[in-house]
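The values are calculated or read from the model by the stated rules, or taken from the named source; none is laboratory data. For clarity, every value in this text was computed on a predicted model and none was experimentally measured. Quick reminder, even Gly has a Cβ in these numbers, built from the backbone with ideal geometry, and neighbours come from all protein chains shown. Protein only, heavy atoms only, side chains kept; ligands, DNA and RNA dropped before computing areas. Shrake-Rupley method; radii C 1.70, N 1.55, O 1.52, S 1.80 Å.
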Amino acid sequence: MPFIADSTHQNPELADGHRGYRTALEHAGLQCSEALIYSANNDEALGFDAMNALLDSNTSFDGIFAATDLLAIGAIRAMRARGIRVPDDVRIVGFDDIELAAYVTPPLTTVRQDIAIAGEELVRRLVLLIEGEHIDSTLMQPQLIVRESCGG
């Protein structure tokens, strides 16, 4: 399964998604092929370009994971422009659950993080850091939001 994301250390959130993609493949007993990783920062146009590069490679695939919803939306636009039907021909999942995800065609399956709780935790931990306290990193529990782009 191809993966579209910025896997550099310049964007740690997307790099974490890259590690998660690799881990999920390993857990499924699948090999991670560098040929299926397309680098693109969080921008719809870059998702469009990455998807076109993937399609130009003539690689066979039936699903894509994009590290952000904007990348996924750009990828959907590129596939539509080439007559590829989502989810009939290719399924796609994004990450973030931005408001637009529910309104694109087809509506985008995505992974949601509770941004309000994340913001509260960020501020709380920042205050603790300012006060000289030690803080530990925590992971938030994501939620899969199933919509039409994955065939669900």
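Once the Cα atoms of helix 69-81 and of the chain are each reduced to a long axis, what angle between those two axes, in degrees from 0 to 90 to the nearest 10, is obtained?
Relative to the chain, helix 69-81 is tipped by roughly 10 degrees.
Choose one answer from Ala72, Ala81, Ala45: the residue with the largest mean-square fluctuation in a GNM of the chain with alpha-carbon springs under 10 Å.
Fluctuation is largest for Ala81.
Net charge near Leu108, counting Lys/Arg +1 and Asp/Glu -1 over other residues with Cβ under 9 Å of its Cβ?
Cβ neighbours under 9 Å give a net charge of -2.
Just to confirm a number: summing +1 for Lys and Arg and -1 for Asp and Glu over residues other than Leu128 whose beta-carbon lies under 14 angstrom from that of Leu128, what do you get?
-3
Please compute the net charge surrounding Met51, taking Lys and Arg as +1 and Asp and Glu as -1 over other residues with Cβ under 12 Å from its Cβ.
Residues close to Met51 contribute a combined charge of 0.
Which residue fluctuates the most in the chain, going by a Gaussian network model with Cα springs under 10 Å, if the choices are Arg124, Arg77, Arg112?
Taking springs between Cα atoms under 10 Å, the residue moving most is Arg124.
Going by accessible area, probe 1.4 Å, with all protein chains left in place, what is the ranking of Thr68, Thr138, largest first?
Thr138, Thr68
May I ask for the angle, rounded to the nearest 10°, between helix 44-56 and the longest principal axis of the chain, with both axes built from Cα atoms and the value confined to 0 to 90°?
The helix 44-56 is inclined about 40 degrees to the chain.
Once you've got the GNM for the chain with C-alpha springs shorter than 10 Å, pick whichever of His134, His18, His27 has the biggest mean-square fluctuation.
So, out of His134, His18, His27, the one fluctuating most is His134.
Ordering Val86, Val127 by how much accessible area each has at a 1.4 Å probe, largest first, what is the list?
Working: Val86 25, Val127 65 Å².
From most exposed to least exposed: Val127, Val86.
When Cα extents along the principal axes in Å is calculated directly from the model, which label among [x] 50, 34, 27; [y] 56, 32, 28; [z] 147, 68, 21 fits?
[y]
What is the calculated FRET efficiency for Arg124 to Arg82, with r their C-beta to C-beta distance and R₀ = 41 Å, to the nearest 0.05?
The computed FRET efficiency comes out at 0.30.
Averaged per residue, what accessible surface does segment 14-152 expose to a 1.4 Å probe, in Å²?
59 Å²
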